[in-house]
Every structure is written in C-alpha cells, then in structure tokens.
There are 4 protein chains.
Amino acid sequence: MKITSKKSGKEEKDPDWAPWRKKLHEIIFEHHTYWGRKFDVLLLWAILLSIIAVMLESVEDIRLKYGEELRIVEWVFTIAFTLEYIARILSVKKPKYYITSFYGIIDLLSFLPTYLSIFLAGGQYLMVIRTIRLLRVFRILKLARFLGESRLLKNALKASRYKITVFFGAVLILVIVMGTLMYLVEGPENGFNSIPLSVYWAIVTLTTVGYGDIAPQTVTGKALASIIMLLGYAIIAVPTGIVTSEITQASKERKKNNVCDNCSAEGHDIDAKYCRNCGAKFEDEMFS
Amino acid sequence: MKITSKKSGKEEKDPDWAPWRKKLHEIIFEHHTYWGRKFDVLLLWAILLSIIAVMLESVEDIRLKYGEELRIVEWVFTIAFTLEYIARILSVKKPKYYITSFYGIIDLLSFLPTYLSIFLAGGQYLMVIRTIRLLRVFRILKLARFLGESRLLKNALKASRYKITVFFGAVLILVIVMGTLMYLVEGPENGFNSIPLSVYWAIVTLTTVGYGDIAPQTVTGKALASIIMLLGYAIIAVPTGIVTSEITQASKERKKNNVCDNCSAEGHDIDAKYCRNCGAKFEDEMFS
Amino acid sequence: MKITSKKSGKEEKDPDWAPWRKKLHEIIFEHHTYWGRKFDVLLLWAILLSIIAVMLESVEDIRLKYGEELRIVEWVFTIAFTLEYIARILSVKKPKYYITSFYGIIDLLSFLPTYLSIFLAGGQYLMVIRTIRLLRVFRILKLARFLGESRLLKNALKASRYKITVFFGAVLILVIVMGTLMYLVEGPENGFNSIPLSVYWAIVTLTTVGYGDIAPQTVTGKALASIIMLLGYAIIAVPTGIVTSEITQASKERKKNNVCDNCSAEGHDIDAKYCRNCGAKFEDEMFS
Amino acid sequence: MKITSKKSGKEEKDPDWAPWRKKLHEIIFEHHTYWGRKFDVLLLWAILLSIIAVMLESVEDIRLKYGEELRIVEWVFTIAFTLEYIARILSVKKPKYYITSFYGIIDLLSFLPTYLSIFLAGGQYLMVIRTIRLLRVFRILKLARFLGESRLLKNALKASRYKITVFFGAVLILVIVMGTLMYLVEGPENGFNSIPLSVYWAIVTLTTVGYGDIAPQTVTGKALASIIMLLGYAIIAVPTGIVTSEITQASKERKKNNVCDNCSAEGHDIDAKYCRNCGAKFEDEMFS
C-alpha cells in the first residue's frame, strides 16, 4: 500500500526544470498537495460550469435570451482552459509526450473548437464538440477515495472482457437473425421497411427499451416478438452473472491483498489510514 | 444480541419528567411495550388512510362527488396528528431536540399544510405536500422483524456507496456525451431540440425505460441508439454486481455475528428467540 | 433422500376403501406408477388444449368462423373434467378434505363456469374464469425432476421474503412520493390528472416499462423523471442481489445435504439415482 | 489441459484419403495450423460482408441505386460458398456424415437460396434466408481464446436449465392468467381485443419492454398493470440469481481444474501458455 516516487532523486538537479516549473507541476499534476487539491476542485467546477453553459446554449429559448452572456462565459472558460493548457506544457519535462497523450488531446479539444468557430462556417456544430471536455473529469476523479473503487470496477470489467465479448457476439447474431425473421413475417407494410431497421427493432426489444415507434402488427409477428422479449428477459441474466461473479471475486482478493508493509496484517479497508494491527500509518494511495 | 437501556437508571429520578409523561413516552416512542405496539398499529393505519384520502381528493370525479366528506376526513386526521405532535413534544425530555430532528420536521409537515391552506391562496398545491407524511411509516417499520432485514439492506447499500457513486458518475458522463452526439446527429428537426433534451433521451434509453416520445429518425441516429441500448443492457450488470456482492457478504457476516451471550454459539437466524445451543432466551432486538 | 409412505400399512385393511378406489387413487394422485404417469401426461395435454380453446374463442374472427366447433371442444373437456372431479372424490378416503383443499376448489372452478354459463346472462365473462384451470398444471409439475429445482427456487424466495417485503415497502413509498411530486410539477394540463395516475406513471417509469402514454412535458418534470429512472436502474440491483445471495446459499446447502443413507457420502446431484460412493440405489424422490 | 488426436496414427495410411485431401482438411477444418487460421479469418470476413450485402439489399433506396452491384457481390459470395462446400465434402472422409450434420445443412442453406431464386417466383423472400449463414460464425468463434469463455457460459446455462425451465413455466402461466384478467377488466373496447393479445400485452409489460401500443385505460386495469410491473421487476431477479450462482460456481471450479500435467499445479488462467509453477508448455486447447 506504499507507493514512492522513484524519479524524485533525479528531478531536483534537472537544470531544464526550473523550480517554478516544478512548483507548477506539483499544483497541476499532483493531487495530494494542498494547492494540487485546490486546483483540482477549481478545475472540476470550471469544467462542470462550462458544460452547463454549452448545454444551456443549445436550448433555443435560452440562446435567444441570454446568447450574449453565454458567449462571454464561453470565452472566459476558453481562455482559462487555454492558459491551463499552456501551463501544463510548461510544467512537464517532456511536452511532446503530454501533447500526444490521450488527456493532452482532450485538453486541446476542450478549447480549440471555440477558436475555430470564428473562422469556420458551421461552427455551431463544432461548438458541440466542447462537451468532450467532460471527459477531463475522469482525470480528476482519479484522486481521492474513489480511486480504489473505480480500479476494482475496472479490473472486474477487464477480467470479464472475453466473456462479455462472447456474450455480445452471440447477442448480435441473435438480433440479426431475429430481425431478419421479423422482416420476413411483418414486412414493409407493417413498418419493418428493411432488415437493418428490423435489427434495430430487435435490439430495442431485446434490451427491453421498447420505444413503440415500430411494433409488430400481425399475429405471427407478435408471437415472435414475445419470444424475443422473454429471451431478452432471460439473457440479461448473463452479463449480470458474469460481472457479479468477477466483482465478488475482486472484492475478496482486494481484502486479502491490502497488506500492511510493517506487520503483514491483511484485510484492511481501502480507505484505512492506519494498520489495524500495528498502527503504522499508510501512505496516501492517491498518487498512483 | 442484547441491548440494554443505559439511561433507565437516571430517568426515574428526573423531577421534570413526570410519571404521566414517562408513560406517554413509552406509548409513543417505544415499540416493544403492549400499548406502544397498539399505538404504532393505530398510527400506521391513520397514516395510510389519510394518504389514501389525499390521493382520492386529487381525482377530479371523486373530488366533485365526495369533496365534502374527504375534507371532513382530512380535518379529523389533521387534528389527530396535531394532538399526536403535541403529545410527542410533551413526552420527550428535550423537546427542542425532537422538534429539530428529521422526524420532528416530517411530523410537523404532515399536518401544517392543512392549516395553512385556509389562509393561503394556491393552498391546493400545498395540500399535496401532505403525502410527505408517508415517510413517517419508515419510523414505524423500524419495529418488528423487518428491522434486521432493513438494516442488512442498508448496510449493504452503505458499503457499496463509493462504488455506486463512481458508477453513477461514469453513467452521467456517458449520457451527457451520448446525448450531445445524438443532438449533433439527429438535430432539432427530429425532435432532439437541445442538448439537455438529448441527455434526457439518453437517460430514457440507457435505463431501458424507452417512452418513445422522442426516438431517433435517421439511420446514424438509430445505429448510435442501438449502441447506447446495448451499453445500457450491459451496464445494468454493474450496480447489480456491486449490490449482490455486498449482500452476499453481509448475509454471511450476519450469520457469523449472531452470537449467543450465554454460550457463544454462532449462526442464529435473525428472528430466533432462543439460543439453539443452550436454550437461553434472547432479549428483543426491537428497541435499538 | 428416502421417503416412505407411513400410511400404507393401515390402508390395505380399510373396509371403506375398496380395491378399485385404491387403484383409482393410485392412477390419479400418485405420480410414480406407470398408469399414474400416463394419467398425468393425459391431463396435462387436456388442460393445455382446453386453455388454447378458451384463448382462441376470445379472438373474434375465430369465434365467428369456428364458434360451433370450439363450443363442442369446450363441452368435451368440461365433461372430462367433471368425470375426473367425481373420480377424485370417489378415490380419496376423506372427500371433504379434498373438496375444500386449494386444488379441490381449482378443480371445481375449471368446469363449473361452463355449466353456469347456460343459466346465467353475462356468462361470457364467466367463461373466461376457466383459464384458472391452468393453475392445475402446477400440481402435475410437482412430478419429475423439476421438483427439486422448483423447491430450491421456492426456498430461496421464502428465505428472502422479509428482505423483499422491506424492499417493496420502500419502493411503494418511493413511487407515491415521486408520483405526488410529479403531479405537483406537471399537473393535469400535461396528462398527470391525479395523484393515483401519477403514482401509476411512477411505477411504469421506475420499473423501466415506459409505455409512453403519459410522459413528462415540462423541463422540471423531465429532470425529475430522469432521477426516477436512474433510481429505478439502481434499485433493480437490490432484489437481484437478495435473490442471488439466497440461491447461491441454497445451492451450496443442497449439495451438502444430499446425503446417502447407506454410507453418509455427501454432495450428490439432485437427480442422482445411485450413491457415488457405495452404489446404493436411492429411492425416488417424486412422491413427496 | 492436453488433448491429443487419437486418429492421427491411422489416418496417414488411409488409401481413400489422398494427401491433397488431407491438406485440404487441415486448412478448412483445423483451426490451429497457419493456413487453417488464414482460412478462418477469410471465411469470417466473407460471411460478414455477404450478410451486410443482404441487409443493404433489403433497404429500398440502396436496392434501387446499387441493386446491380449488390447482385454481383451476392453471386461472387454464392459461388465462393459453393466452392467451399464442395471442398468440405471432398476433404472429409465420410461426406454423408458432414452433409447431414447441423453445420453441413447451414453451409448448404447459405448458398442454395440464391440458386433457387432464379427458378422460383417469390424468390425475394427466399433470399432473406441467406442471413442464416451468419450462424456459421459460431463455428469459427470456436477457435481462439473465446473457446474457454463460451464453454464456461454454456456450462453455466446448461447447469441451470432445469431451474430456468421451471422459471419460464411459471412465467408463462403467470402471463396467461394475468392476460386473461386484463381481458376481463379492460375488454375489447380498450384495445384488449382477445386473450392472446392480452397475453402478448402481459409479456410486453412483465419483461419491462413496454411498447405502449396497448396500454390499460381503466383504473382497475392500471392497478392490475402496476402489480404486473412490480412483479416483473422482482421476477427478473430470479433468472439473474440462477445464472449468477452457476457462473460463480463454474468460475471457481474451472480455476481449480486447470491443472498442469507436469507438476499438478492448479489454478491456471484459461489462456495460460506455460505452467506458472514448472514452466512446462501447455498444448493448444483449440482443437477440441
């Protein structure tokens, strides 16, 4: 449960990495320092507020009434995110690596569309891409106590990825065959205009969504639909069974693995701060 | 499995707490005495009947026909609940603490709107708030054999609260991103008038509710909707897995923990009245 | 795993119980003799065919075309079921006990409506009650290998009945409070005509059925509906978790309990016919 | 974890089985040789592309525009599948056995309709049957790492087949009884035209699909529908519980059973290639 930074020894003597850049890095990238936390909370609010602004702007009534104000808000956030992006580039030692990383691209996409919308026609659609900045929340969510939980969920899903692939493969084949049968049975005169549309209907039915925009009209079609529904009802048990089985196992293993470095006592809770056996303080798990 | 009241020694000599108040407290607040139980059952019926009256009053046909009778019934219950509220204040030693407590406020809200509706216009809407008195049922449900079960469920949900928070966070980000994509793909001309509305549609679809008031019209929209549906179908496995895992663990631990004070035999059922090993009688678990 | 009939010794000498009545009892009530099995299969087909006839008769087109034939079929089955009922009364030693039992009443109701429909007006509605004869299938299903499985399911559901009661109580309170809130928010002008109707809508939404006949129109209503949907999505995890936990435990215990009488070897499959350790033959489990 | 082909010794000397036929058999039927893999991947693409062609052809706009091209594509695939079928017959030692096998018939049906559509009127409907060729994907999916997972899922479903039969039997009886009740309550004037249609509605509701094409109109009908929905909400827990319980058990047992032949170490992952204890190489599991 102890993770120590192995790079720290070298970093202090790096001539290219001025103290102010190091400080900046601490604030922006590290989640366990005082200012790092403050920055994270600030960023979280900025992202959420800017997303709300984007969403409100898409509502016609609000756009007509408060369009001007929303545009100002948008530019404030855009400039803030631009400055943040520059600060991130300055504070890391290898900017290239950051810029081409997943979060680097997302960071860029979260303010670029606003600038582009000035020069390009159809910029309206471009603006919508800004909601992608919501994905940045995941980076912040890494912090704090949610880390362990989300890691457990991720591992459980990862462990069951082959089972889930097999399951989805079977479901896809099933909806295609079922959709084709319904196209044969109902036909274009009852709204099942083509096989892809029938497959769409089969998915809507099997997943128990059931919009009702397309629904079987003939007796045979209704009988077939009943079978698909009952199948969907039973089939949902399979992914649930898979994931439950993995989560149960992962929970058990995690309890076993949370070992104290000092006395090797097992079974600590994920948010325990002290060993329950010897009282040794655990280091924060957040910086991984 | 034995819970003894630690305050009882002191209470008897309290000069402010007259015997009749103590008796009243026993009837109203304690669930394991004869009169306490009678009072609880009476209160449960009063709450349920008054709720049914409120619900019936909202049906236009019934209001026109039996409006007068329902108003009389309402006033009977209102006065009864008022008297009960006064009795509760009188019977407790620290009325302030009761009045500001969660159930104290709910008790107040369960009769106040009826009085206010005399003085205020728009009292009709106010009257509806009376259904909040239904929440009082939870206090009564604390009694009896359901206690252990509801505690187990509550603990299981509590233990999985971080996992569920992470899960809901991820679901929210997913529906916002998906809703935005659908707004781009379908647009206002197909009923996806704004991003918030599209997010609403994404929630309706992901949770497999599927009203059908808004449904994708374009081919790309239908393809995207299919992906959301299949995701929703798979994603539902996650909370199920989380809760199942916790309940299984909680059930196991409870069985282990139901220990007899006399002989330390483990694994008693929650509603066992005698130790299965030594025959010692268990004290009632209801007064916690 | 051995169940022996304790009554057999006495029965042979019972003067009131003539051999032909005993034989009849064997055929009708016992599932493990050759003729008993034949009778069960015959009865199962008679029930299913008569149900199909009742269902077809309700379809207008078919009633107009084949009404006469269906009426003949119905009378054949009615007379057959009447004869069977008389045979059952004759073959049991205490007819009173049989007639007042659950299945005795169902047996009576499965042919009585046809006779009553001759004398009574509105007999058409009466005729529909005949589908109740479908419940007789459960008696037959008791036989064979399904017995063990259905017993396991029944026990798992029984063991979780308090948890499920608590759960449904909480769900009911939730839908009433939510329905009331929606009635306040949307009001009669958007189709939420009364609180009971709003509660109905809340149930339709929470269970993710989502007909779409009533759907929120206002922004606040849609936001509130989103919360209910997400709640419903999460809440479904609870009964699943409860039942899964019980079934897992019941499966484990059953495996442990299938003990051979001869050598005490544990863990036999439910449909094992010989002990896997000593080879002793198990007696049939079907007659319980 | 080792499976060796027992026939290989004999096959080499079989005079009827010329070397080129043996080579052909290796390519077509065996998944673990270099060319066998190449062939599988090629076949998978051919099947998927031909299915997409069939689906596109059913869309009217596309058929009118690219009908000619799609017909050419179809004939290319048809001839390819015909050649493949002939090759399969030639390469096996007992063609009769292959032709009458499940996959033999599917292979035949995947190209026959195209030929028949020349001679027969109404061949359009016949053409749709070609989607049945999608089922051939299952044969290819047998290969690779998905094998173990799909086997585990299949075993879990197989182990719970009696429980699931009992469950579906109970669900069917429930929807018939409920559908009949709704037919009585709502009647043809509210869209519940016949018992079969009411049963269809009951299935749509119980499985939480909820199209909304038929929905209860009367108060009693809505109350009854609410009960069915809440039942459906609770009932879905049962198949989930059954399957989860089986998958959990199957996962545990599989881990226990993956034993190294060399050193008897247990608990290897399904896709492990070397023993984690002694480093012995496992033979490929794919050819079973």
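The values are calculated or read from the model by the stated rules, or taken from the named source; none is laboratory data. Owing to the predicted nature of the structure, the values given are computational and were not obtained by experimental measurement. A quick note on method: Cβ atoms are made from the backbone with ideal geometry, for glycine too, and the neighbour counts reach across all protein chains shown. With ligands, DNA and RNA removed, areas are computed over all heavy atoms of the protein, side chains included. Shrake-Rupley method; radii C 1.70, N 1.55, O 1.52, S 1.80 Å.
Across the identical copies, the label point of A:Asn190 (7 Å from Cα in the Cβ direction) is separated from its matches by 2.5, 2.5, 3.5 nm, in order from shortest.
The mean number of partner chain beta-carbon atoms within 10 angstrom of a residue's beta-carbon across peptide A:194-206 is 6. Put simply, the amide H of B:Asn193, placed in the peptide plane, has no neighbours under 5 Å, leaving out anything fewer than 5 places away on its chain.
Shown for B:Glu69: label points 7 Å from Cα along the beta-carbon vector, and their distances to the equivalent points in the other copies, 5.2, 5.3, 7.4 nm in ascending order. Couplings for region A:232-241, taken from phi via the Karplus curve 6.51 cos²θ - 1.76 cosθ + 1.60 with θ = phi - 60°, read x, 4, 7, 5, 4, 5, 5, x, 4, x Hz in order; Gly and Pro are left as x. Could you tell me which of rounded, prolate or oblate describes region A:144-237, using a ≥ b ≥ c as the square roots of the eigenvalues of the alpha-carbon gyration tensor, with rounded for a/c under 1.5 and, failing that, prolate when a/b is larger than b/c and oblate otherwise? Prolate, since a/c reaches 1.5 and a/b exceeds b/c. Here the Karplus relation 6.51 cos²θ - 1.76 cosθ + 1.60, evaluated at θ = phi - 60°, turns the backbone of region A:45-58 into coupling constants of 5, 4, 4, 4, 5, 5, 5, 4, 4, 4, 5, 5, 4, 6 Hz, with x for every Gly and Pro.
Summing charges over all other residues whose Cβ lies under 11 Å from the Cβ of B:Pro216, with Lys and Arg as +1 and Asp and Glu as -1, gives -1. Annotation for the D:C interface, with buried accessible surface near 4000 Å², both sides summed [1.4 Å probe; non-protein components not counted].
Each other copy holds its own label point for C:Trp35; taking that point as 7 Å from Cα along Cα to Cβ, the gaps run 6.9, 6.9, 9.7 nm, nearest first. Reported to the nearest whole Å, the Cα centre-to-centre distance from region C:192-249 to region D:38-70 is 41.
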